[in-house]
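Chemist: Below are the structure tokens for one structure; questions will follow.
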Amino acid sequence: MAKLRERDLVVMDVLREKGWSTRAVARELGVDESTLRYRLRRREGGVVDGRRGQAEACEPWQGVIAPWLDEQRGEGERPEAVRRLYEVLVAEHGYEGSYKAVLRYVRRRQAPPRLRPIRRVETTPGAQAQVDWFESLPVRVEALGGRTTLDALVVTLSHSRMFAVIWALSRSLLWWLEAHNRAFERLGGIPWTVRPDNVRTAVAWGAGPWARLQEGYASYARQLGFIVDPCRVRTASDKGKVERRGRDVRAFLGALKDVCFLRLEDLQAATDERVRARVQRLICPVTGRSILASWEAEQAALLALPATLPEPFDVQVNRTVTDDCLVSFEGRQYEVPFTSMRRTVQVRGCAGTVEIYGVDGQHLARYPRGTACRLLLDQRHAEGEGDDRVRRPTPLGRVGQAIVLERSWEVARRPIDDYLELVRRLA
């Protein structure tokens, strides 16, 4: 029920003079009938609200608050938060009342703030994708123990509204990047900019234009050629197009609530099918055609997918290559091409591999992650011609080529006859 205001009492008097019943007046004003009768009895009895005659809690501090109010009326300046005034009253003037009392006192003496309209924008084709996690969604997947909750990353192209829904087991950096890869594949390209909110996998600290990106995500973006443009803090409207897709995701779940999938891949395939059917029916408000047709036209404006998308990773560090062409990572040493000697490289810890890149984004080496082997050498990295900066390492001789492991973590297990043949060849 609505709150009964003073002007409503004036309307009540007019309607009652016209013969309206109390019940009809209460229905017209949208208030409870008992509330209206209570106010009538108080008026007929001449009862005055005692609270109106009481002094306000902040009245003794009027000399402090009045100058503060005058300062806030500066043209074009952003007013200071009332919370700051409250803190000054408590710390410097012995105020012991509540913050809400200060807020009420100030609002009664300030003009209402000017209205700010909502600005709607539409982006050019291929310019932006908005991304957001939808968390703890209930699903049934046999391989995950039956009824469980999963997270879904939704990526929406701002122009055509084409979107992809990617299921993930967690919101870690590894799954964040994996979901980006899978979404870009489904969207058929990479947008120029990507707008996330300020999740920890995207933003290290700050928010919006002042955000400092998480280094791993920033490196991933540079490698694929898009710009990360985080939302302002607590401003969901900055990514309203992907927020709208949350209803579709929940509608999918409602349709699939009685379905138990064998694997996560089966859930993903069913979701892809429903997304495809949905975008065939929905109309893109910019083009007036279906989202599917609008997306097909937008694909030409997207950045092309690379031949191989970056392997998702959960750790990235910079390392300087030693003189013996090794970099250290997670208690192990990995060999890189000798031309990288004394240079800085990026080492990424992926799901099952260690990927090493040059600062220019060139892929240098790949090794298995978490091996028992503590020194991982690949003799191919010591082969080839040098350059103007680094000479070629000492080549292996005949004996060395016969006895050196090509990959140190792959220890060969030969039969005894192979060793005898090796000895005969070397004799």
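Chemist: Can we say R319 is under 27 Å from A204 (Cα atoms), under 26 Å from the mean Cα position of the chain (by Cα) and among the basic types (K, R)?
Modeler: It is false that R319 is under 27 Å from A204 (Cα atoms), under 26 Å from the mean Cα position of the chain (by Cα) and among the basic types (K, R).
Chemist: While we're looking at this one, here's another question. Looking only at the stretch 202-212, count how many residues are farther than 21 Å from L302 by Cβ and surrounded by 18 or more Cβ atoms within 10 Å (Cβ to Cβ).
Modeler: Matching residues across the stretch 202-212 total 2.
Chemist: Any idea which of V194, V199, V165, V154 is at pLDDT below 95 and either outside the structural domain of G288 (by TED's automatic domain parsing) or among the β-branched types (V, I, T) (or both)?
Modeler: Just a single option satisfies the conditions, and that option is V199.
Chemist: Ok, one more. Tally up the residues in the stretch 134-166 that are assigned to a strand (DSSP E or B), touching a Lys or Arg at 6+ places or on another chain (Cβ under 9 Å) and closer than 22 Å to W295 by Cα, please. Please lay out each step first, then the result.
Modeler: To start, the set of residues in the stretch 134-166 that are assigned to a strand (DSSP E or B) comprises 134-141, 146-157, 163-166.
With the extra rule that they be touching a Lys or Arg at 6+ places or on another chain (Cβ under 9 Å), the set shrinks to 134-135, 137-141, 146-148, 151, 153-157, 163-166.
The next check asks that each one be closer than 22 Å to W295 by Cα; those that pass are 153-157, 163-166.
Selection size over the stretch 134-166: 9.
Chemist: Assess whether S328 counts as being over 14 Å from V165 (Cβ atoms), without any contact (Cβ under 8 Å) to a residue 40 or more places away in the chain and of a type outside the set (D, E).
Modeler: yes
Chemist: From T156, T149, T201, T193, which residue is touching a Pro at 6+ places or on another chain (Cβ under 7 Å), in contact (Cβ under 8 Å) with a residue 12 or more places away in the chain, of a type in the set (S, T, Y) and within 30 Å of V315 (Cα to Cα)?
Modeler: Values: T156 fails: touching a Pro at 6+ places or on another chain (Cβ under 7 Å); T201 fails: touching a Pro at 6+ places or on another chain (Cβ under 7 Å); T193 fails: touching a Pro at 6+ places or on another chain (Cβ under 7 Å).
None of the other options fit; the residue is T149.
Chemist: Further question: Select, from T339, T322, the only residue that is within 30 Å of L405 (Cβ to Cβ), in a loop (DSSP other than H, G, I, E, B) and outside the structural domain of G216 (by TED's automatic domain parsing).
Modeler: T322
Chemist: So which residues in the stretch 295-312 are in a loop (DSSP other than H, G, I, E, B) and touching a residue at least 12 places away in the same chain (Cβ under 8 Å), if there are any at all? Don't jump to the end; show me each part of the working.
Modeler: First pass over the stretch 295-312, keeping only residues in a loop (DSSP other than H, G, I, E, B): 302, 304-312.
Residues satisfying the conditions are L302, A304, L305, P306, L309, P310, E311, P312.
Chemist: Considering every residue within the stretch 65-75, establish whether at least one is modelled with pLDDT of 90 or more and surrounded by 18 or more Cβ atoms within 10 Å (Cβ to Cβ).
Modeler: The answer is yes; a qualifying residue exists.
Chemist: Tell me which residues, restricted to the stretch 9-22, are among the charged types (D, E, K, R) and within 18 Å of E44 (Cα to Cα).
Modeler: Once the filter is applied, which keeps residues that are among the charged types (D, E, K, R) and within 18 Å of E44 (Cα to Cα), the stretch 9-22 yields D13, R16, E17.
Chemist: Here is a follow-up. Restricting attention to strands (runs of 3 or more DSSP E) lying wholly within the stretch 344-407, give those where 1 or more residues are basic (K, R), touching a strand residue (DSSP E or B) at 6+ places or on another chain (Cβ under 7 Å) and in the same structural domain as C325 (by TED's automatic domain parsing).
Modeler: Because the criterion is at least 1 residues that are basic (K, R), touching a strand residue (DSSP E or B) at 6+ places or on another chain (Cβ under 7 Å) and in the same structural domain as C325 (by TED's automatic domain parsing), the strands (runs of 3 or more DSSP E) in the stretch 344-407 that meet it are 344-350, 363-368.
Chemist: Okay, moving on. Mind listing whichever residues of the stretch 95-119 are closer than 20 Å to D70 by Cα, at pLDDT 90 or above and of a type in the set (G, A, S)?
Modeler: A101
Chemist: Looking at P337 and the list (1) under 24 Å from S172 (Cβ atoms); (2) at pLDDT 95 or above; (3) not basic (K, R), which single condition is not satisfied?
Modeler: Failing condition for P337: (1).
Chemist: Then there is this: Looking at the stretch 312-325, which of the residues that are surrounded by 19 or more Cβ atoms within 10 Å (Cβ to Cβ) and not polar (S, T, N, Q) is nearest to R392 (Cα to Cα)?
Modeler: Among those residues, the one meeting the criterion is C325.
Chemist: Which residue, of R380, R389, is in contact with a helix residue (DSSP H, G or I) (Cβ under 9 Å, 6 or more places away or on another chain), modelled with pLDDT of 90 or more and charged (D, E, K, R)?
Modeler: So the residue among R380, R389 that is in contact with a helix residue (DSSP H, G or I) (Cβ under 9 Å, 6 or more places away or on another chain), modelled with pLDDT of 90 or more and charged (D, E, K, R) is R389.
Chemist: Which of the residues spanning the stretch 350-369 are over 16 Å from V327 (Cβ atoms) and either at pLDDT 90 or above or acidic (D, E) (or both)?
Modeler: Hit for the stretch 350-369 is D360, nothing else.
The values are calculated or read from the model by the stated rules, or taken from the named source; none is laboratory data. Given the structure is predicted, the values throughout are model-derived calculations rather than measurements. Neighbour counts are summed over all protein chains in view; Cβ atoms, including those assigned to glycine, are modelled from backbone coordinates with ideal geometry.
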